[in-house]
Amino acid sequence: MKIDILTLFPEMFYGPLNSSILKKAQEKGIITINYINIRDFTTDRHHQADDKPYGGGAGMVMKVEPIIKAYEAIPKNNSFTIMLSPQGRKFNQKLARELSQKEHLIFICGHYEGIDERVRQLIVDEEISIGDYILTGGEIAAMVIIDAVARLVPGVLGDEVSAEEESFSDLLLEYPHYTRPRNFRGLEVPEVLLSGNHKKIDLWRKKQSLLNTLFRRRDLLKVRGLTKEEKILLWQGFFELAMLIDEIPERSE
Ligand code: 4GX
């Protein structure tokens, strides 16, 4: 996958996108990320990429010409252009999956009050928002999207299964994870995980996922639905939780 990023602040990306899994993915040549400084496409003496808004008002607006010139300098034949903004389609795992099918993504990151409307009209295929809050610029939003999309590109994660095996693709929250030591400051790893009984372990994990999702994100369960087996597992989980009441000593009234 090819990724081009149009921004006034390319240095913001260098740490996050050149670490860990995304660093390896680029070294392996599975994804290629290219930064384009919009300021390099200004033509005036002061290299001005923004200007005062027509009609007046506070703040500055990013100029149309440098962005279009920067866009036109990108070699492309089948690209998809994204602009980050709070007005956009809300980003989620489904959209991440859609974008992971594209061969070339171009991100336009705005700063200040926004970007001249004609940029959207001329080159934007989809406006995306990462959530209902206001950022100082589109750069961090672009990084969030690139991170979530890149890990779905085949070969980016070490073993091919782990992207899809992950709970979210099953629309459930994760079960709790443990590693050594068995006891840390009195907190024990659940016995079942040490049993070596993989059928039992899978069932325990599924039960934990279901309980977690029911308690924290009932909205997800309502959309997803539950099989008869899953309902039985959840009832079992409830029963086990209810049994904890008996472990608490009685207190005189
Ligand atoms: N999810 N912002 C973009 C400037 C801007 C405004 C309008 C283009 C059009 C945001 C978000 C976000 C703040 C990034 C305003 N650029 N981006 N910026 N939430 O809040 O993506």
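Only the coordinates and a few stated rules stand behind these numbers; no lab work does. Predicted, not measured: the structure shown is a model, and the values here were computed from it. Using ideal geometry, Cβ is built from the backbone for each residue, glycine included, and neighbour counts are taken over all protein chains shown.
For the range 143-253, what's the relative contact order in percent, using C-alpha pairs closer than 8 Å and at least 6 residues apart? Walk me through the intermediate numbers first.
On the way: 53 pairs, mean separation 24.2, N = 111.
Worked out over the range 143-253, it gives 22 percent.
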5 Å binning of all Cα-Cα separations within the range 76-221, expressed as whole percents from 0 upward: 2, 8, 14, 15, 14, 14, 10, 9, 6, 5, 2, 2, 0
Quote the charge dipole size of the chain about the Cα centre in Debye, to the nearest 20; the model charges only the Cβ of Lys and Arg (+1) and of Asp and Glu (-1). 360 debye
What distance in nm separates the two pseudo spin-label positions at E229 and Q93, each 7 Å out from Cα along the beta-carbon direction? 1.9 nm
Length released on extending from N34 to K200, taking residue separation times 0.36 nm less the Cα-Cα span: 55.0 nm
Separation of alpha-carbon centers, the range 125-161 and the range 173-218, rounded to whole Å: 29 Å
Cβ-derived FRET efficiency at R0 35 Å, N77 paired with D170, nearest 0.05: 0.45
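Average projected area of the Cα convex hull of the range 174-253, in nm²? Please list the in-between numbers first.
Values: hull surface 30.8 nm².
Spelled out: convex hull of the Cα atoms, projected over all directions, averaged, 7.7 nm².
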Helix 198-216 vs. the chain, principal-axis angle (Cα, 0 to 90°, nearest 10): 60 degrees
For a quick check: with amide H placed at 1.01 Å from N, whose amide H comes under 5 Å from G114's, ignoring anything fewer than 5 positions away on the same chain? M62
Value of [θ]222 nm, deg cm²/dmol, for the chain, DSSP H segments ≥ 4, -39500 (n - 2.57) each, nearest 500: -11000 deg cm²/dmol
Between D132 and R182, the two model label points (7 Å from Cα along the beta-carbon direction) sit apart by a distance in nm of 4.9 nm
Cα gyration tensor category, rounded, prolate or oblate, for the range 28-101 with a/c compared to 1.5: oblate
Taking a ≥ b ≥ c as the square roots of the Cα gyration tensor eigenvalues, with a/c under 1.5 meaning rounded and otherwise prolate when a/b beats b/c or oblate if not, the chain comes out prolate
For the pair F215/D147, report the inter-label distance in nm, with labels modelled 7 Å from Cα in the Cβ direction. 2.6 nm
The answer for F80, listing residues at least 5 apart or on another chain whose modeled amide H is closer than 5 Å to its amide H, is H104, L105, I106
Going 7 Å from the Cα of Q236 toward and past its Cβ, which residues in the range 186-207 have a backbone nitrogen under 18 Å from where you end up? 190-207
